[in-house]
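Data first, discussion second: the structure below is written as structure tokens.
The values are calculated or read from the model by the stated rules, or taken from the named source; none is laboratory data. Since this is a predicted model, take the numbers as computed values, not measurements. Backbone-built Cβ (ideal geometry, glycine too); neighbour counts: all protein chains shown.
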Amino acid sequence: DAVDLTDMFGEIQSPNFPDSYPSDSEVTWNISVPDGFRIKLYFMHFDLESSYLCEYDYLKIEAEDQVLATFCGRETTDTEQAPGQQAILSPGSYMGLTFRSDFSNEERFTGFEAHYTAVDVDECLEKSDEELACDHYCHNYIGGYYCSCRFGYILHSDNRTCKVECSDNLFTQRSGVITSADFPNPYPKSSDCLYRVELEDGFFITLQFEDSIDIEDHPEVSCPYDYIKIKAGPLEFGPFCGEKSPGRIETQTNSVQILFHSDNSGENQGWKLSYTATGNSCPLVQPPINGKIDPLQARYSFKDQVVISCNPGYKVLKGDVESDTFQIECLKDGTWSNKVPICKMADCRAPAELEHGFITFTSRSNLTTYRSAIRYSCQHPYYRMAPNVTGLYTCDENGVWRSEELGTKLPSCRPVCGRPVRPLPGIIKR
Amino acid sequence: IIGGRNAEPGSFPWQALIVVEDTSRVPNDKWFGSGALLSDSWVLTAAHVLRSQRRDNTVIPVSKEHVTVYLGLHDVRRKTAAVNRTVEKIVLHAGFDIQNYNHDIALVKLREGVAMGPYVMPVCLPQFERELEGPHPNTLGLVAGWGISNPNITVDEIISSGMRTLSDILQYVKLPVVPHAECKESYESRSGNYSVTENMFCAGYYEGGKDTCLGDSGGAFVIQDPGTQRWVAQGLVSWGGPEECGSKQVYGVYTKVSNYVDWVEEHVGAS
């Protein structure tokens, strides 16, 4: 006979209990409770014929694939076990009990009475297995458990590991540093990260991995778990894993994709690389006479820019246009965008006229270039200068006539009052 | 100018001849006065020179179209040698009283500025504290003009002579400032209704003989500042009694410019 029990608790008795059980009898109870529970069994009464190693009568308790206990007799001896006060806990949600009596009983034995209950399993405490445990946080509830992740992570569809969204990392600077997520802390599991370096056509990207990397690997199989793959135009590099750095990789292209895959296990630190971009070199440039270039480098390559400026008192002359600075850029074909301009001495040009005034040049040739000087004066004695200044102006380094007294402003010539050229008769107070 | 002397060219470079000729309503309605150049485009004069000659108490200027200003002029017969300017704006003092000539002061803005030179230069306005006090009694000043120089001639005779009785050459005279109380008493003791206000001062000699006269109105009574040696316009020829110019015990009355410096600057600008 087989009895199936699916309630969360119940009672099990030997045949005819509390009377003596019959000879030649065999009964099986199959107890099943929901997943997330296990079964606790304990005896209120136990009285079976005792025999060596329970060869005659016995109660055998089994889980799905193992015998948990075989009981007989009334009390435990050296060779036989009786349950006593001991509770028996199933490892899973199933427990099977088999009662058997042989063809004869020497005495009257009353059999057994037992109870079972379903008890909750705390998976968070028990699931230490890497394949089952929650990656970040575990939450137990009656009949089950669930996992959750730290801020910034997403629970993977396996409901256990925590991944990150990292498929859209774009780098457009000419140099930079790229690392696995959370580096130098262990990188997230179950993630596929994509890092793109996209630069203008004409640049060549070089990757330089740090000397040590830590990507989960296998001693015999090439990168079966986690790995880095690099796509650079038609070229592919990798997969890389383990602790040996890929070192320096010249990609020979301006567009690189770095793919990093991690599976659902492992605690590895990850990787870090720096990238730089170089282009075709341009010829060295010489500063113009009375000028300089900035920055001054031993080598200039694509996109490098040089600003040409002139010494004080000189202006950059490009074509017909004067300016303070001029910028040229190294092009992808290794040529400069423009020729280096010349530096021309600043010229204030003809000074502004002063109404009722004169301009006197201090140089014989009426120079108007840097550091040349002029003097404004008024038509004496009919006009006077206002404000009362020397009227001396010097051509400054920006090509502007400037006086120490008025800056770039001009004085004015105001009429002199009350002073006739022909003197009036003197006045004597009476 | 009565009892004066011929001025030398350039002695009074601020002296302006203001000619008003309005024949639109009255034939031959023409008169003139003097003014003093303050800057390249402003001339100071007396309000009554530029007031419309209508017979009422209104104080409105003549049309600026009818005014011509001559500068650098010495001999009125040679006006072509002088600088002449038309007028852009006339400003009469709003308080000018045609009954007693109080606030007899006006400004003329020239349509085009004049360049300075030996015969054209501005006169100074009272500026320093001692100048702003006004002319002190007994101080001598000079006043110039092309007005009547013969005291024995009447206005009718002037008109009938076609103004030939006026002085062709700019005349000037040296006159002392008369104590205000003395002048005020002199006029107010007469039968006429004269009023010498605090905006006027008198100048002249008790015994007469030297004076300003018709046609000299608006000209500057200038006093030399002892500190700066600059000539400062302290008065404007304004009015006198009905007696002949230069008569004994008759003083010329002048607008006291120092009372109007702020008014001038308000219209002309502080520069």
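One table, with the values for the structure above:
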quantity	calculated
A:GLN327 being under 40 Å from the mean Cα position of the chain (by Cα), among the polar types (S, T, N, Q) and in a strand (DSSP E or B)	yes
Yes/no for A:TYR195 being surrounded by 14 or more Cβ atoms within 10 Å (Cβ to Cβ), under 13 Å from the mean Cα position of the chain (by Cα) and closer than 15 Å to A:GLY270 by Cβ	yes
Filter result (of a type in the set (D, E, K, R) and part of a loop (DSSP other than H, G, I, E, B)) within the stretch B:233-271	B:GLU243, B:GLU244, B:LYS248
Index of the failed condition, B:GLY72 passing every other in (1) out of contact with any strand residue (DSSP E or B) (no Cβ under 6 Å at 6 or more places or on another chain); (2) within 14 Å of another protein chain (Cβ to nearest Cβ)	(1)
Where B:ALA233 falls short, out of the listed (1) surrounded by fewer than 24 Cβ atoms within 10 Å (Cβ to Cβ); (2) touching a residue at least 12 places away in the same chain (Cβ under 8 Å)	(1)
A:ASN338 more than 14 Å from every other protein chain (Cβ to nearest Cβ), without any contact (Cβ under 8 Å) to a residue 40 or more places away in the chain and either in a loop (DSSP other than H, G, I, E, B) or of a type in the set (Val, Ile, Thr) (or both)	yes
Residue match in the stretch A:372-388 (condition: within 14 Å of chain B (Cβ to nearest Cβ), among the hydroxyl-bearing types (Ser, Thr, Tyr), surrounded by 15 or more Cβ atoms within 10 Å (Cβ to Cβ) and more than 28 Å from A:LEU317 (Cα to Cα))	yes
Residues of the stretch B:142-154 classified as assigned to a loop (DSSP other than H, G, I, E, B) and within 17 Å of the chain's Cα centre (by Cα), total	3
Single residue of A:GLU355, A:GLU329, A:GLU267 found to be touching a residue at least 24 places away in the same chain (Cβ under 8 Å), charged (D, E, K, R) and under 30 Å from A:ALA386 (Cβ atoms)	A:GLU355
The stretch B:206-232 - residue that is part of a strand (DSSP E or B) and aromatic (Phe, Trp, Tyr) and, of those, farthest from the other protein chains (Cβ to nearest Cβ)	B:PHE221
Leading residue by the ranking (surrounded by the fewest Cβ atoms within 10 Å (Cβ to Cβ)) among those in the stretch A:9-48 that are over 23 Å from A:VAL67 (Cβ atoms) and among the hydroxyl-bearing types (Ser, Thr, Tyr)	A:SER23
Any hit, the stretch A:123-136, residues being modelled with pLDDT of 90 or more and polar (S, T, N, Q)	no
Strands (runs of 3 or more DSSP E) wholly inside the stretch A:220-315 containing at least 2 residues that are more than 26 Å from the chain's Cα centre (by Cα)	A:291-294, A:305-310
Residue within the stretch A:147-165 that is of a type in the set (Phe, Trp, Tyr) and touching a Pro at 6+ places or on another chain (Cβ under 6 Å) present	no
Flag for A:GLY418 being within 14 Å of another protein chain (Cβ to nearest Cβ) and surrounded by 15 or more Cβ atoms within 10 Å (Cβ to Cβ)	yes
Qualifying positions in the stretch B:152-190 - within 14 Å of chain A (Cβ to nearest Cβ) and either surrounded by 15 or more Cβ atoms within 10 Å (Cβ to Cβ) or at pLDDT below 85 (or both)	B:LEU170, B:GLN171, B:TYR172, B:VAL173, B:LYS174, B:LEU175, B:PRO176, B:VAL177, B:VAL178
Qualifying residue in the stretch A:121-133 (condition: crowded, with 16+ Cβ neighbours inside 10 Å, among the polar types (S, T, N, Q) and either touching a His at 6+ places or on another chain (Cβ under 8 Å) or under 30 Å from A:SER191 (Cβ atoms) (or both))	no
Test: residue in the stretch B:48-69 that is within 14 Å of chain A (Cβ to nearest Cβ) and either crowded, with 16+ Cβ neighbours inside 10 Å or under 17 Å from B:LYS109 (Cβ atoms) (or both)	no
Conditions (1) free of Cβ contacts under 8 Å to residues at least 24 places away in the same chain; (2) surrounded by 13 or more Cβ atoms within 10 Å (Cβ to Cβ); (3) within 24 Å of A:LYS318 (Cβ to Cβ): number failed by A:ALA350	(2)
Options A:ASN159, A:ASN140: the member that is over 30 Å from A:GLU198 (Cα atoms) and part of a strand (DSSP E or B)	A:ASN140
Tabulated pairs, the stretch A:170-187, first free of Cβ contacts under 8 Å to residues at least 40 places away in the same chain, second assigned to a strand (DSSP E or B), C-beta under 7 angstrom, 6+ apart or interchain	A:LEU170/A:ARG196; A:LEU170/A:GLU198; A:THR172/A:GLU198
In the stretch B:200-220, the residues that are of a type outside the set (A, V, I, L, M, F, W, C) and either closer than 12 Å to B:VAL250 by Cα or free of Cβ contacts under 8 Å to residues at least 24 places away in the same chain (or both)	B:GLY204, B:TYR205, B:TYR206, B:GLU207, B:GLY208, B:GLY209, B:LYS210, B:ASP211, B:THR212
Of residues in the stretch B:90-121 being in a loop (DSSP other than H, G, I, E, B) and touching a helix residue (DSSP H, G or I) at 6+ places or on another chain (Cβ under 6 Å), the one farthest from the other protein chains (Cβ to nearest Cβ)	B:PHE96
Residue that is farthest from B:TYR206 (Cα to Cα), among those in the stretch B:126-141 that are at the interface with another protein chain (Cβ under 8 Å from one of its Cβ atoms) and not in a strand (DSSP E or B)	B:THR139
